[in-house]
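Here is the structure we will look at.
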Amino acid sequence: MSSLNLKLSADKIYNQNFSGAKSGYNCLQVDTLLDSVISDYEAFESYVKDQDVAKVELERINKLLNEKVTSLQVENTVLKQKLDDVKGITSSGQDNLSLLKRINDLETALYKAGVDPTKIK
């Protein structure tokens, strides 16, 4: 509350003394007004305290979420690298498969031509 620089507080309002005047004021009206003002200040103070608690909680949650984001970014980088590695392996595997098919086709052609490919030196 001190950061708001309020001139009044609930206690100051409650303990305020009014000097008497010739025409005077109706004490009941003054007390009723002061009670309303005090009630408003107390509600405002309670609201500010609640907001401070909520702010602290939101800052804590924000910190946790930022840590989670950082962790997920690191994990994402690692998984992208693994994916790139797997793509490289798959690519060479495809190349090897193509070569094996070609060798098989050539051996089949040699057998059809009457040449045993296992006897070729």
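Read the figures in this text as sums done on the coordinates, not as results from a lab. Nothing here was measured: the structure is a model prediction, and the numbers come from that model. Here the Cβ positions follow ideal geometry from the backbone for every residue, glycine too, while neighbour counts run over all protein chains shown.
For ILE120, all conditions in the list (1) in contact with a helix residue (DSSP H, G or I) (Cβ under 9 Å, 6 or more places away or on another chain); (2) surrounded by 10 or more Cβ atoms within 10 Å (Cβ to Cβ) hold save one; what is the number of the exception?
(2)
Restricting attention to the stretch 20-51, which residues are under 20 Å from LYS7 (Cα atoms), over 48 Å from the mean Cα position of the chain (by Cα) and either among the small types (Gly, Ala, Ser) or surrounded by 13 or more Cβ atoms within 10 Å (Cβ to Cβ) (or both)?
Listed by number, the list holds a single entry, VAL30.
Take ASP85 and decide whether it is more than 30 Å from SER9 (Cβ to Cβ), exposed (fewer than 10 other Cβ atoms within 10 Å of the Cβ) and not β-branched (Val, Ile, Thr).
no
Check the stretch 54-76 and report whether any residue there is surrounded by 10 or more Cβ atoms within 10 Å (Cβ to Cβ), aliphatic (A, V, I, L, M) and closer than 24 Å to SER9 by Cα.
yes
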